[in-house]
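> Below is a structure I'd like to ask you about.
The values are calculated or read from the model by the stated rules, or taken from the named source; none is laboratory data. This one's a predicted model, so the numbers in the text were calculated from it and none came from an experiment. Neighbour counts are summed over all protein chains in view; Cβ atoms, including those assigned to glycine, are modelled from backbone coordinates with ideal geometry. Please note that ligands, DNA and RNA were not included when accessible areas were found on the heavy atoms of the full protein model with its side chains. Shrake-Rupley method; radii C 1.70, N 1.55, O 1.52, S 1.80 Å.
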Amino acid sequence: MAKINKNSHKILYRKYSSNVKYVLMVLSVLIITLVLPKQPKFRYEFEKGKVWLNKDLVSPFSFAILKTPKQVDADKKTALNNVLPIYKYEDDVFKAQDEAFLNEFDIKWKSAGLNEHEKERAKNNAQNLLKIVYTKGIISINVKHQKNEKNYDFSLIHDNVARTINVEDVFTAEKALDFFKDNYKTQDVNAKNLVLDLLESHLKPNIFFDERLTAEVQKSTLNSISTTRGMVEKGEMIIAKDSLVNDDAFQKLVSFRENYEAQTKTVGNGSLVYLGQIFLVGFIIALLMIFLFLFRKDIFADNRQLSLLLLVVTTMLVVLTWALKFNISNLYLLPFSIVPIIIRILFDTRLALNLHLLVILIAGFFVPNSFEFVFYQTTAGMVAIYSIRYLVRREQLLISASYILVSYFVAFVGIHLLREGSFSQIEWSNFLPFVFSVLLSLLAYPLIYAFERVFGITSDVALVELTNTNNKLLRELAFKAPGTFQHSLQVANLAEAAIFKIGGNALLVRAGALYHDIGKMENPQYFIENQSTGVSPHDKLPYEQSAQIIIRHVHKGIEITRKHKLPESVIDFIRTHHGNTRVDYFYQSFLKNSPEKFIDENIFRYPGPIPFSKETGVLMLADSVEAASRSLKNPDAESINLLVERIIDYKLEQNQLDNCDLTLKDLETIKLIFKTMLMSIYHVRVDYLQKV
């Protein structure tokens, strides 16, 4: 039975890796088109105060003209003001209080020692007054209903019959007591006081506010408010060509668009709409792939980086679709500027701008007021890209967010002045979604870290962390191989200055320079910069073995940095800083001392590859020049000048710079910078420049 290779999936991936990108492309198109809204898009764009430049628009069907939100709100406010508070009349209150009054009356009258012959008459008079008050009703005043007037109208429900009355038409507790005082007649002062006290103690409201029923009536009233005003009949002109889109025409157009999109949800051919979406989204994704193929072949060839770009595009459009589906209050709450921020930091400016424009173009087909939306998001995205050249400090993200907010504000004010022509008409509360969107864009910082880990991409933030000399690995290098550490610092300074001048990623070069010799930690004593006694352990070894020990620091460096999970872009500097050159000292020594022996030259040659970028090429030159400069016994302008020229010419002769795009002009600039910096290091007067 045949054995299944455990690494068969890796073999298959390598075999078909060139096709994976196209699978990712198709998958991205399918996901985006599956989630996007399926109704046909209303084809006309219009703005209040602008001229209608399209043909005469005639209504293909009858539709109601929608009221503006302000009109609906005003109608609701008026309707609520017309809804009277509802109170209920409670019969049981009088029954309870009347019974309690009769029970107490006999006891209190007797204990007061009043005339028994007058008791029944007094009781009947008081009971009749109490019945009159409760029959008319005692209201429990609700302060919130008084508003500007003490007395207010309300709806009173009694025996399931509602009638509108005023607070003046019923009793309050105070008015009821005054009624008793005015209408209870007797010559006996003590009897009058006793009866009035009893009546006062049995005055309880029997008209109560019904909050639940009032709320139901208010809700029903609001629901019954019409959101339309008038009709546009089928065949009627909505707006003529070259007409001004005034308030009335604007509202007709808005109403027509709403009805059109509502009808096409059921009338439109869903299959054809889906096909149209596939054409458009596929075209946009194809443009992205073409851009990468023409201008960023490194990303086009890297399926991980390509999948990250497609993931960002797909995720942003899926979030937009979710927002449209659930009708969030404002689409500007979505942080579209987070896309250019992430892509700018992880890749470059051109790709960030290109990708952002493609996302906005797709989104523009499905959002309301698409021109306005595209203008807002395009300008904000451009500002986001321009404001983050290198993200090396955390506050840069906050500064960028503030610039984005300013760009939104300028666009917001400009658009509203263009429409309304007045500052007073601007609703500043509508700017709050932009503020929230900018705050959400700060999520780019943790997302960048996550993308770096998942997709193996190195950002400037990660490079800044790696170039910190207090980094654990660099501190270990400084402790075990202090000479190598100092050499790496000098190489980093030379390479960084050169790449900054000719154009390139200075942070990446510095990181690569600091770690390029990290493999020397294994046997630091075999490298001359770490030998302090003047005695070399190579003196007791064959030349072949010595060469292999020197060459081994490349392999060991790759092993150490991978163990510490350094990015591959930094490890590339370790691979390429010697290219495939020979360890000439030991090779020439072997030829000189053993001319009769045959030797394989590859034993003395580094494994390569040769540098393949400006950055790796500059590092190779800086490493060789700095190491060679240490052998100068009396460094002066002439010796440094000759050294730099000889080293760089030798690398060219050995074809070590064939794969990196360094021009002859770049090499001349690099030479000048190396000479100037080495002379500063060795405190040499800069007089050679006059001879160059």
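> Can you pull out every residue in region 67-88 that is touching a strand residue (DSSP E or B) at 6+ places or on another chain (Cβ under 6 Å) and either open to solvent by less than 30 Å² (accessible area, probe 1.4 Å) or within 16 Å of Lys147 (Cβ to Cβ) (or both)?
Here is the first cut: in region 67-88, the residues touching a strand residue (DSSP E or B) at 6+ places or on another chain (Cβ under 6 Å) are 67, 84-88.
Once the filter is applied, which keeps residues that are touching a strand residue (DSSP E or B) at 6+ places or on another chain (Cβ under 6 Å) and either open to solvent by less than 30 Å² (accessible area, probe 1.4 Å) or within 16 Å of Lys147 (Cβ to Cβ) (or both), region 67-88 yields Leu84, Pro85, Ile86, Tyr87.
> Residues of region 363-385 being assigned to a helix (DSSP H, G or I), touching a Leu at 6+ places or on another chain (Cβ under 6 Å) and β-branched (Val, Ile, Thr), which ones? It would help to see each step written out before you state the result.
Filtering region 363-385 down to residues assigned to a helix (DSSP H, G or I) leaves 363-364, 370-385.
Next, from what is left, pick out any that are touching a Leu at 6+ places or on another chain (Cβ under 6 Å): 363, 385.
Scanning region 363-385 gives a single hit, Ile385.
> Looking only at region 529-551, which residues are open to solvent by 60 Å² or more (accessible area, probe 1.4 Å), assigned to a helix (DSSP H, G or I) and without any contact (Cβ under 8 Å) to a residue 24 or more places away in the chain?
Once the filter is applied, which keeps residues that are open to solvent by 60 Å² or more (accessible area, probe 1.4 Å), assigned to a helix (DSSP H, G or I) and without any contact (Cβ under 8 Å) to a residue 24 or more places away in the chain, region 529-551 yields Asp539, Lys540, Gln545.
> Please specify each residue of region 180-197 satisfying the condition of being farther than 16 Å from Ile132 by Cα and not polar (S, T, N, Q).
First, pick out the residues of region 180-197 that are farther than 16 Å from Ile132 by Cα: 186-194, 197.
Correct list: Asp188, Val189, Ala191, Lys192, Leu194, Asp197.
> Follow-up. What do you reckon, is Asn160 closer than 30 Å to Ile225 by Cα, open to solvent by less than 60 Å² (accessible area, probe 1.4 Å) and among the polar types (S, T, N, Q)? Spell out how you get there, then give the answer.
Details: closer than 30 Å to Ile225 by Cα: yes; open to solvent by less than 60 Å² (accessible area, probe 1.4 Å): no; among the polar types (S, T, N, Q): yes.
When the stated conditions are applied, Asn160 does not pass them.
> Identify, from the list Ala478, Ala513, Ala462, the residue that is open to solvent by less than 30 Å² (accessible area, probe 1.4 Å) and closer than 18 Å to Leu621 by Cα.
Working: Ala478 fails: closer than 18 Å to Leu621 by Cα; Ala462 fails: closer than 18 Å to Leu621 by Cα.
It is Ala513.
> Which residues, taken from region 596-620, are within 22 Å of Phe485 (Cβ to Cβ) and more than 42 Å from the chain's Cα centre (by Cα)?
Tyr606
> Moving on to the next point. Look through region 230-242, keep the residues that are exposed (fewer than 15 other Cβ atoms within 10 Å of the Cβ) and out of contact with any Asp or Glu (no Cβ under 7 Å at 6 or more places or on another chain), and return whichever of them is nearest to Ala74 (Cα to Cα).
Gly230
> Among the residues in region 135-148, are any in contact with an Asp or Glu (Cβ under 9 Å, 6 or more places away or on another chain) and closer than 30 Å to Asp188 by Cα?
yes
> Still on this structure, I have one more. Here is a list of conditions, (1) part of a helix (DSSP H, G or I); (2) out of contact with any Ser or Thr (no Cβ under 9 Å at 6 or more places or on another chain); (3) open to solvent by 20 Å² or more (accessible area, probe 1.4 Å), and Asn327 meets all of them except one; can you say which number that is?
Of (1) part of a helix (DSSP H, G or I); (2) out of contact with any Ser or Thr (no Cβ under 9 Å at 6 or more places or on another chain); (3) open to solvent by 20 Å² or more (accessible area, probe 1.4 Å), only one is false for Asn327: (1).
> Which pairs turn up if I take residues in region 288-312 that are free of Cβ contacts under 8 Å to residues at least 40 places away in the same chain and assigned to a loop (DSSP other than H, G, I, E, B) and look for partners that are loosely packed, with under 14 Cβ neighbours inside 10 Å and of a type in the set (Ser, Thr, Tyr) with beta carbon separation below 8 Å, at least 6 apart in sequence or on another chain?
So the pair list comes out empty.
> Within the group Asn193, Asn148, Asn124, which residue is assigned to a loop (DSSP other than H, G, I, E, B), free of Cβ contacts under 8 Å to residues at least 12 places away in the same chain and open to solvent by 20 Å² or more (accessible area, probe 1.4 Å)?
On the way: Asn193 fails: assigned to a loop (DSSP other than H, G, I, E, B); Asn124 fails: assigned to a loop (DSSP other than H, G, I, E, B).
After ruling out the rest, the residue left standing is Asn148.
> Can you name every residue in region 297-324 that is among the charged types (D, E, K, R) and either touching an Asp or Glu at 6+ places or on another chain (Cβ under 6 Å) or crowded, with 17+ Cβ neighbours inside 10 Å (or both)?
Applying the first criterion (among the charged types (D, E, K, R)) to region 297-324 yields 297-298, 302, 304.
Asp302, the sole residue that qualifies.
> Can you tell me which residues in region 163-190 are among the hydroxyl-bearing types (Ser, Thr, Tyr) and either surrounded by 12 or more Cβ atoms within 10 Å (Cβ to Cβ) or in a helix (DSSP H, G or I) (or both)? Quick ask: steps written out before the conclusion?
Restricting attention to region 163-190, the residues satisfying the condition of being among the hydroxyl-bearing types (Ser, Thr, Tyr) are 164, 172, 184, 186.
Once the filter is applied, which keeps residues that are among the hydroxyl-bearing types (Ser, Thr, Tyr) and either surrounded by 12 or more Cβ atoms within 10 Å (Cβ to Cβ) or in a helix (DSSP H, G or I) (or both), region 163-190 yields Thr172, Tyr184, Thr186.
Let's see how each residue does on (1) more than 20 Å from Val625 (Cα to Cα); (2) open to solvent by less than 30 Å² (accessible area, probe 1.4 Å); (3) of a type in the set (A, V, I, L, M):
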| position | (1), (2), (3) |
| --- | --- |
| Arg453 | yes, no, no |
| Leu466 | yes, yes, yes |
| Asn471 | yes, no, no |
| Asn493 | no, no, no |
| Asn505 | yes, no, no |
| Val509 | no, yes, yes |
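> How do the pairs read when you match residues in region 567-582 that are within 16 Å of Leu657 (Cα to Cα) with residues anywhere that are of a type in the set (Asp, Glu) and surrounded by 19 or more Cβ atoms within 10 Å (Cβ to Cβ), using Cβ under 6 Å and keeping only pairs 6 or more apart or on different chains?
These pairs meet every condition: His577/Asp623.
> If you scan region 200-214, which residues turn out to be assigned to a helix (DSSP H, G or I) and either of a type outside the set (A, V, I, L, M, F, W, C) or at pLDDT below 85 (or both)?
Taking region 200-214 and keeping what is assigned to a helix (DSSP H, G or I), we get 200-201, 211-214.
Answer for region 200-214, where residues must be assigned to a helix (DSSP H, G or I) and either of a type outside the set (A, V, I, L, M, F, W, C) or at pLDDT below 85 (or both): Glu200, Ser201, Glu211, Arg212, Thr214.
> Of all residues in region 73-120, how many are modelled with pLDDT of 85 or more and among the basic types (Lys, Arg)?
4
> What about Val217, is it in contact (Cβ under 8 Å) with a residue 24 or more places away in the chain, surrounded by 11 or more Cβ atoms within 10 Å (Cβ to Cβ), of a type in the set (A, V, I, L, M, F, W, C) and within 17 Å of Asn81 (Cα to Cα)? Write out each step before concluding.
On the way: in contact (Cβ under 8 Å) with a residue 24 or more places away in the chain: yes; surrounded by 11 or more Cβ atoms within 10 Å (Cβ to Cβ): yes; of a type in the set (A, V, I, L, M, F, W, C): yes; within 17 Å of Asn81 (Cα to Cα): yes.
Answer is yes for this residue.
> Going residue by residue through region 623-638, is there one that turns out to be farther than 18 Å from Ala492 by Cβ, buried (at least 16 other Cβ atoms within 10 Å of the Cβ) and either at pLDDT 90 or above or touching a Lys or Arg at 6+ places or on another chain (Cβ under 9 Å) (or both)?
As a first pass, look at region 623-638 and keep what is farther than 18 Å from Ala492 by Cβ: 631-638.
Next, only the ones that are buried (at least 16 other Cβ atoms within 10 Å of the Cβ) stay: 635, 637.
Add one more test, that the residue is either at pLDDT 90 or above or touching a Lys or Arg at 6+ places or on another chain (Cβ under 9 Å) (or both), and what stays is 637.
Yes; the residues of region 623-638 include at least one that is farther than 18 Å from Ala492 by Cβ, buried (at least 16 other Cβ atoms within 10 Å of the Cβ) and either at pLDDT 90 or above or touching a Lys or Arg at 6+ places or on another chain (Cβ under 9 Å) (or both).
> Just a yes or no: is a residue in region 203-214 open to solvent by less than 50 Å² (accessible area, probe 1.4 Å), of a type in the set (A, V, I, L, M) and under 30 Å from Lys70 (Cα atoms)?
Taking every residue of region 203-214 in turn, at least one turns out to be open to solvent by less than 50 Å² (accessible area, probe 1.4 Å), of a type in the set (A, V, I, L, M) and under 30 Å from Lys70 (Cα atoms).
> Out of region 621-638, which residues are hydroxyl-bearing (Ser, Thr, Tyr) and either part of a helix (DSSP H, G or I) or in contact (Cβ under 8 Å) with a residue 60 or more places away in the chain (or both)? Break it down into steps so the answer makes sense when it comes.
Of the residues in region 621-638, the ones hydroxyl-bearing (Ser, Thr, Tyr) are 624, 629, 631.
The answer is Ser624, Ser629.
> Give region 89-109 a look and list any residue that's open to solvent by 40 Å² or more (accessible area, probe 1.4 Å) and touching a helix residue (DSSP H, G or I) at 6+ places or on another chain (Cβ under 8 Å), or say none. Spell out the reasoning first.
At the first step, the residues of region 89-109 found to be open to solvent by 40 Å² or more (accessible area, probe 1.4 Å) are 90-92, 94-96, 99, 102-104, 106-108.
If the condition is that a residue be open to solvent by 40 Å² or more (accessible area, probe 1.4 Å) and touching a helix residue (DSSP H, G or I) at 6+ places or on another chain (Cβ under 8 Å), then Phe94, Leu102, Glu104, Asp106, Lys108 are the ones that fit.
> Can you spot a residue in region 586-606 that is in a loop (DSSP other than H, G, I, E, B) and of a type in the set (Phe, Trp, Tyr)? Let's see the steps before the verdict.
Step one: of region 586-606, the residues in a loop (DSSP other than H, G, I, E, B) are 594-600, 606.
With of a type in the set (Phe, Trp, Tyr) added as a condition, the list becomes 598, 606.
The answer is yes, given that some residue of region 586-606 is in a loop (DSSP other than H, G, I, E, B) and of a type in the set (Phe, Trp, Tyr).
> From the list Leu280, Leu272, Leu287, exactly one residue is among the hydrophobic types (A, V, I, L, M, F, W, C), in contact with a Pro (Cβ under 9 Å, 6 or more places away or on another chain) and open to solvent by 40 Å² or more (accessible area, probe 1.4 Å). Which is it?
Numbers: Leu280 fails: in contact with a Pro (Cβ under 9 Å, 6 or more places away or on another chain); Leu287 fails: in contact with a Pro (Cβ under 9 Å, 6 or more places away or on another chain).
Among Leu280, Leu272, Leu287, only Leu272 is among the hydrophobic types (A, V, I, L, M, F, W, C), in contact with a Pro (Cβ under 9 Å, 6 or more places away or on another chain) and open to solvent by 40 Å² or more (accessible area, probe 1.4 Å).
> Looking at this structure, is Ile388 modelled with pLDDT under 90, open to solvent by less than 40 Å² (accessible area, probe 1.4 Å) and of a type outside the set (S, T, N, Q)?
Criteria met by Ile388.
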